[in-house]
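The values are calculated or read from the model by the stated rules, or taken from the named source; none is laboratory data. Predicted, not measured: the structure shown is a model, and the values here were computed from it. Virtual Cβ from ideal backbone geometry, glycine too; neighbours counted across all protein chains shown.
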Amino acid sequence: MEAQKLFQLIPGLSHEEFEALRPLVKDLPEDQLTTFASLYNSKRRTPDTILIGGVLGLFLVAGVQRFMVNQIGMGILYLLTGGLCLIGTIYDLVNYRNLALEYNRTMAIESQRMTQAYNG
């Protein structure tokens, strides 16, 4: 039931992302699960969005993808160095799914804490 509800509440949820979310939501009642999903869905980034940011970083403004995942320091470094001479930007294009998953895990933990504080 929990898995089906989570997939309904968060569109585009990947298997890896679901596995990261499962321990955080396993003990939540349905109303808190809905609150968590709403908070998390508003904060998460899809891998496709990060990929688009990486492509923009490759051709327009380096570091866009890093700013999108709240890595401000790396974003500024990429901006000032042309994506670390394009090597960093190309690396991010290859690993865009990992960038999104890492960011989403952080947002999931934050959303879980907010849900508990709100309903606690």
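To keep it simple, each residue is scored yes or no on (1) at pLDDT below 95; (2) in contact with a Gly (Cβ under 9 Å, 6 or more places away or on another chain); (3) over 23 Å from residue 16 (Cα atoms).
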{"site": "52", "(1), (2), (3)": "no, no, no"}
{"site": "69", "(1), (2), (3)": "no, yes, no"}
{"site": "73", "(1), (2), (3)": "no, no, yes"}
{"site": "78", "(1), (2), (3)": "no, yes, yes"}
{"site": "81", "(1), (2), (3)": "no, yes, yes"}
{"site": "89", "(1), (2), (3)": "no, yes, yes"}
{"site": "102", "(1), (2), (3)": "no, no, no"}
{"site": "105", "(1), (2), (3)": "no, no, no"}
{"site": "108", "(1), (2), (3)": "no, no, no"}
**Prompt:** So which residues in region 88-120 are β-branched (Val, Ile, Thr) and buried (at least 19 other Cβ atoms within 10 Å of the Cβ), if there are any at all?
**Reply:** 89, 115
**Boolean, residue 61 is in contact with a helix residue (DSSP H, G or I) (Cβ under 8 Å, 6 or more places away or on another chain), crowded, with 16+ Cβ neighbours inside 10 Å and not polar (S, T, N, Q)** = no
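Those residues that are among the basic types (Lys, Arg) and surrounded by 13 or more Cβ atoms within 10 Å (Cβ to Cβ), I need them from region 25-50; list them, please. Don't jump to the end; show me each part of the working.
Step one: filter region 25-50 for residues among the basic types (Lys, Arg), giving 26, 43-45.
Listed by number, the residues that qualify are 43, 44, 45.
Residues that are polar (S, T, N, Q) and in contact (Cβ under 8 Å) with a residue 60 or more places away in the chain, at least 2 per element: which helices (runs of 4 or more DSSP H) completely within region 1-99 meet that? Give the derivation first.
Working: elements: 2-9, 15-25, 30-43, 47-59, 64-68, 72-85, 87-94.
By residue number, 30-43.
Here is a check on your reading of the model: is residue 117 of a type in the set (A, V, I, L, M), modelled with pLDDT of 95 or more, in a helix (DSSP H, G or I) and under 30 Å from residue 33 (Cα atoms)?
Values: of a type in the set (A, V, I, L, M): yes; modelled with pLDDT of 95 or more: no; in a helix (DSSP H, G or I): yes; under 30 Å from residue 33 (Cα atoms): yes.
No.
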